Amino acid sequence: MNTLTSPRPVARRSLFKAGAFGAAAVAGGLALSACGGGSLRGSGGGGDSLTFKLAETHPDDYPTTLGDKKFAELAEKYTDGRIKIQVYPNAQLGEESDAIEQVQMGSIEMTRISSAPMGEFVPAMGLFSLPYLFDDADHLWRFLDSENGKKLLGEAEGAGFKGLGYFDPGARSFYTSKKAIKAPADVKGLKIRVQESQVQIDFIKALGGSPTPMDYGEVYSSLQSGLLDGAENNEPSYYSASHYEVAKNYTLDRHMRVAEVLLINKDTWDGLDSADQEALQKAADEATPFQREKWDAQVETDLEKLRGEGVTINEITDLTPWREATRSVIDKHGADLGTYIDAVEELRSA
């Protein structure tokens, strides 16, 4: 069978969001039909040998990329070489918003994506964007590893994805170019970059800031030019993207723990036999603790490097005023997430 390559989708992003997957699937089916293909069986073509592309935004040595590579290594091992996964770091296949659309359509098979933009396709993923919901990393992982965490991952299937697992997201914190943020009131009037997530947009508004959705690759130049006053991200992202060069105030308020999700196109998944599905799931399960270990080590290393680069790090120890200032975000966006929020609360003191 000849190699099947589907064209990149041209529809507007609204087509691909939750509730419109049927239309996208029809469009994808027509595209595949036009190419003379059948079911998606990988970019590398037919028989028992399959090659899948995995899109990654971050650099080659970034913890999530290392997790991707470990997953690819284990997938090849557990399928006796039948499935090879090619990891494309540095947004070679597009930024997250582009990559997820391509995976949904089947233009590429896999991606690692933040749950924030994923919330536009699977609304329940907005849970992870709710501010100050988790006390710490252990609290987050108690939820992710629970039955409710697995149930939430399963909701991706309704949008055309199969969720294979979570990677460690770290905690997102503010960084600014001029004015340091030390209290909720300090955000007022600042132009802050956010991901394409209504929850994050409302979060910045609740603090009095001006949210500015923007692709990750545009943040450095926007901070440098003054188009942005600040952004928010975890320590490895802040350091690896060199954003500290143009925004030297880092506030560790750890307002969001936005889980990373490892996804495969649902049609591609369904086209695999049960043995290969089990092998890929096993590979994802084993890649997760590896990635978490790499993440923790990277955070400590990068914090030390940031201090060496002259970054001013402000540690927030009392989250009470921050939670009070942003309670409206949870009230608004948590209305349909009661079951999951209750599960998070029950695990708070576990």
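Gyration tensor over the Cα atoms of the stretch 102-178: the corresponding equivalent ellipsoid has semi-axes (square roots of 5 times the eigenvalues, largest first) of 23, 17, 11 Å. Coupling constants for the stretch 98-112 follow from the phi torsions by the Karplus curve (6.51 cos²θ - 1.76 cosθ + 1.60, θ = phi - 60°), and in residue order they are 6, 4, 5, 5, 5, 5, 4, 7, x, 5, 10, 8, 9, 7, 10 Hz; glycine and proline get x. Counting pairs of alpha carbon atoms under 8 Å apart in space and at least six apart in sequence, what relative contact order in percent does the chain give? Result for the chain is 23 percent.
Over the stretch 63-138, accessible surface divided per residue gives 28 Å², non-protein components excluded, 1.4 Å probe. For PHE134, the residues 5 or more places off, or on other chains, whose built amide H falls under 5 Å of its own are ARG257. A Förster radius of 25 Å, combined with the Cβ-Cβ distance separating GLU218 from LYS178, puts the computed FRET efficiency at roughly 0.85. Only Lys, Arg, Asp and Glu carry charge here, each on its Cβ (+1 for the first two, -1 for the last two); on that basis the chain has a dipole of about 900 debye about its Cα centre.
Nearest 10 degrees, 0 to 90: what angle lies between the long axis of helix 63-78 and the longest principal axis of the chain (Cα atoms)? Orientation of helix 63-78: about 20 degrees from the principal axis.
Of all the accessible heavy-atom surface of the chain, with the other protein chains kept in place and a 1.4 Å probe, what percent is carbon and sulfur? Carbon-and-sulfur percentage of accessible area, whole number: 47. Note on LYS188 and ASP145: the extension gain reaches 11.8 nm, defined as 0.36 nm multiplied by sequence separation minus the Cα-Cα distance.
Enter the angle in degrees (range 0 to 90, nearest 10) between the Cα long axis of helix 274-308 and the first principal axis of the Cα atoms of the chain, meaning the one along which they spread out most. On a 0 to 90 degree scale, this one is about 30. Using the Karplus relation 6.51 cos²θ - 1.76 cosθ + 1.60 with θ = phi - 60°, the per-residue 3J(HN,Hα) values for the stretch 258-268 come to 8, 4, 8, 10, 9, 10, 10, 4, 5, 5, 4 Hz, with x marking Gly and Pro.
Calculated on the Cα set of the chain, radius of gyration then Dmax: 20.1, 61 Å. Would you give the gap between the C-alpha center of the stretch 281-314 and the C-alpha center of the stretch 207-260, rounded to a whole Å? Using only Cα atoms, the two centres lie 17 Å from each other.
Listed peptides 276-284, 68-76, 214-222 appear in the order 68-76, 276-284, 214-222 once ranked by packing, highest mean of other Cβ atoms within 10 Å at the front. Once the 1.4 Å probe is applied to the protein heavy atoms, the stretch 174-238 comes out at 37 Å² accessible per residue. One chain, two ends: ASP331 and ASN90. Fully extended at 0.36 nm per residue, the span grows by 83.1 nm beyond their Cα-Cα distance. Eigenvalues of the alpha-carbon gyration tensor of the stretch 206-350, scaled by 5 and square-rooted, set the equivalent ellipsoid semi-axes at 32, 23, 18 angstrom, largest first. How much length is gained if the chain between GLU346 and ASP136 is pulled fully straight, taking 0.36 nm per residue apart and subtracting their Cα-Cα distance, in nm to one decimal? That pair, GLU346 and ASP136, stretches by 74.2 nm at full extension. Remark on SER210: its backbone amide H falls under 5 Å from those of GLY189, LEU190, LYS191, ILE192, a criterion applied only to residues 5 or more positions apart or on other chains, H modelled at 1.01 Å from N.
The values are calculated or read from the model by the stated rules, or taken from the named source; none is laboratory data. This is a predicted model, so every value here is computed, not measured. Quick reminder, even Gly has a Cβ in these numbers, built from the backbone with ideal geometry, and neighbours come from all protein chains shown. With ligands, DNA and RNA removed, areas are computed over all heavy atoms of the protein, side chains included. Shrake-Rupley method; radii C 1.70, N 1.55, O 1.52, S 1.80 Å.
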